[in-house]
């Protein structure tokens, strides 16, 4: 009787270990979404976004905010207009579909650029400055759709500018990580 019980328990353990191995085949390691950058006056929308593999996952705008002059986060409501000259931050939530699982090491891409994803929440954050004719990249001040080398050659950054840019980027990513750990109140 003990031998039969041991065989049955062994079979159960083997099957239990096989289930996660089978599910790993449907693991999402790269999730891509497309966000249309707004112009001044466009309306704020919390909508679903086009994704790279709609069978495996979806993406939706989770939150939009900007910092006011007192460094307080302002969250515009759906239907509010984007204001020219304001740097907005948009958080995009990726959700797996039934039968799929977003990997802990998943890379999140928005508009062809890799974004930092916050662990456990599947959020990616992008930022842009709203302009009259289209949004600007806050790191360069140029339109997102501009082609490098189009207008003038970009000056080579000196070592101090590179260090400042590195730390600015690092602190923004750390802020995204920690802000996703605490629930919104």
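Quick notes on this one:
- Our analysis of segment 62-139 gives Rg over Rh at 1.03, with the two radii drawn from alpha carbon positions and Rh computed by the Kirkwood formula.
- Rel. contact order, % - alpha carbon contacts under 8 angstrom, at least six apart, segment 27-181: 24 percent
- For segment 27-181, the calculated P(r), taken from all Cα-Cα distances in 5 Å bins from zero up to the bin holding the longest distance, is 2, 8, 16, 20, 20, 16, 11, 6, 2, 0 percent.
Coordinate-derived values only; no laboratory data. Every value quoted in this text rests on a predicted model; they were computed, and no experiment measured them.
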